[in-house]
Amino acid sequence: MPKSSSNLQLPPPLGRDAALFLDFDGTLVGLAPTPEAIEIPPALVPLLSDLRDQLGGALAVVSGRQIDSIDRFLAPLRLPAAGEHGVQRRNASGHTQEQRPPDLIPILEIANELARVHEGLLVERKHAAIALHYRLAPQLEAVCRDAMSRAIENHPQLELMHGKFVFEVKPTGVNKGIAIDAFMTEAPFAGRTPVFLGDDTTDESGFAVVQPRGGIAIKVGPGPSLALHRLESPRAVYEWLVQARDMLGAQRPTKTEESPRSPR
């Protein structure tokens, strides 16, 4: 059961032996009215590049976005990444694998019709998912939930996930925790201490994976969570990451800690 907001503590400093996993929207960057309207702080990309190198390449973005969207916003950086909650995954060597998309045409038609009737709804077609955003029309939450729930009633291969002002239909059995588990079996993540930061209910599966491994789960923003630690905002995440970079930069890695740079 998720802990209450008041029980969560500030996270400890990031260790050099960490495998760092970062959600994107609401964690690395602030939320925006639409997915394309986010703003990337100018110093974020150099910061992530420095941390990636300091951690021997063991830094990945784990997001509901598609990987090509993450790449576009973080260019020229190309990090290991899990997109669409793990439907797509690119490892540290640059190899990408993705699940075959299910038939989403019936779901897409229902979502598009709902958006046609109700102003303020946005339909996002992904590789293997349909997201219905209602941030601009929060009063339509119940309408969106009911319509999307009915849409998948006869599709056991699909499930409905509720995030911040979004309902998303995606393949059953895919989540961020499974994606993090997969990264942890591979170099350069294997053998390290997993650290995952996320702000949404969709990140709870990741928290449920890293803490039993002895790792650190960090909830960003308000709300109950399985995570034992909290940062209050993307700005606080940025400051924590800057502190981590500066502390790691002041330390001298041992021979066993040094590893080749991951491909950009």
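The condition of being surrounded by fewer than 20 Cβ atoms within 10 Å (Cβ to Cβ), more than 30 Å from LEU51 (Cα to Cα) and not β-branched (Val, Ile, Thr) holds for GLY120.
Has region 76-98 got any residue that is assigned to a loop (DSSP other than H, G, I, E, B), farther than 21 Å from PHE183 by Cα and open to solvent by less than 70 Å² (accessible area, probe 1.4 Å)? Outline the logic, then answer.
Taking region 76-98 and keeping what is assigned to a loop (DSSP other than H, G, I, E, B), we get 76-80, 87, 91-95.
When the remaining residues are screened for being farther than 21 Å from PHE183 by Cα, the result is 76.
Imposing the further condition that a residue be open to solvent by less than 70 Å² (accessible area, probe 1.4 Å) reduces the set to none.
No, that holds for no residue.
Every test in (1) buried (at least 23 other Cβ atoms within 10 Å of the Cβ); (2) in contact (Cβ under 8 Å) with a residue 40 or more places away in the chain; (3) over 21 Å from GLU109 (Cα atoms) is passed by ALA187 save one, and that test is (1).
Of the listed requirements (1) open to solvent by 60 Å² or more (accessible area, probe 1.4 Å); (2) touching a strand residue (DSSP E or B) at 6+ places or on another chain (Cβ under 9 Å), MET247 misses just one: (2). Checked against the criterion of being of a type in the set (Phe, Trp, Tyr) and either assigned to a helix (DSSP H, G or I) or free of Cβ contacts under 8 Å to residues at least 60 places away in the same chain (or both), region 126-139 contains one or more residues that satisfy it. If the condition is being closer than 24 Å to ALA32 by Cα and within 20 Å of the chain's Cα centre (by Cα), then region 81-118 contributes ALA81, ALA82, GLY83, GLU84, HIS85, GLY86, VAL87, GLN88.
Given the structure, is ALA19 over 20 Å from ARG65 (Cα atoms), open to solvent by less than 10 Å² (accessible area, probe 1.4 Å) and of a type in the set (A, V, I, L, M, F, W, C)? First the steps, then the outcome.
Details: over 20 Å from ARG65 (Cα atoms): yes; open to solvent by less than 10 Å² (accessible area, probe 1.4 Å): yes; of a type in the set (A, V, I, L, M, F, W, C): yes.
Yes: the conditions hold for ALA19.
Of everything in region 99-111 that is more than 24 Å from ASP200 (Cβ to Cβ) and part of a helix (DSSP H, G or I), the residue that is most open to solvent (accessible area, probe 1.4 Å) is GLU109.
Screening VAL143, VAL195, VAL166 for residues that are open to solvent by less than 40 Å² (accessible area, probe 1.4 Å) and more than 30 Å from PRO12 (Cβ to Cβ) leaves exactly one candidate, VAL166. Go through the residues of region 126-139 one by one and say whether even a single one is modelled with pLDDT under 95 and over 30 Å from ALA236 (Cβ atoms). Yes, region 126-139 contains at least one residue that is modelled with pLDDT under 95 and over 30 Å from ALA236 (Cβ atoms). Taking ALA142 as the residue in question, decide whether it is closer than 30 Å to ASP53 by Cα and modelled with pLDDT of 95 or more. No; evaluated as a whole, the condition is false for this residue.
Filtering region 24-70 down to residues that are out of contact with any helix residue (DSSP H, G or I) (no Cβ under 9 Å at 6 or more places or on another chain), under 21 Å from GLY163 (Cβ atoms) and of a type in the set (Asp, Glu), which residue is surrounded by the most Cβ atoms within 10 Å (Cβ to Cβ)? Top of the filtered list is ASP68. Only one of the listed residues (ALA179, ALA137, ALA151, ALA147) is out of contact with any Leu (no Cβ under 9 Å at 6 or more places or on another chain) and small (Gly, Ala, Ser). That residue is ALA179. In region 145-173, of all residues being closer than 19 Å to PRO35 by Cβ and not in a strand (DSSP E or B), the one that is modelled with the lowest pLDDT corresponds to LYS164.
The values are calculated or read from the model by the stated rules, or taken from the named source; none is laboratory data. Just so it is clear, the structure is predicted and the values come from calculations on it, not from any experiment. Positions of Cβ are generated from backbone atoms using ideal geometry, with glycine treated the same way; all protein chains shown enter the neighbour counts. Protein only, heavy atoms only, side chains kept; ligands, DNA and RNA dropped before computing areas. Shrake-Rupley method; radii C 1.70, N 1.55, O 1.52, S 1.80 Å.
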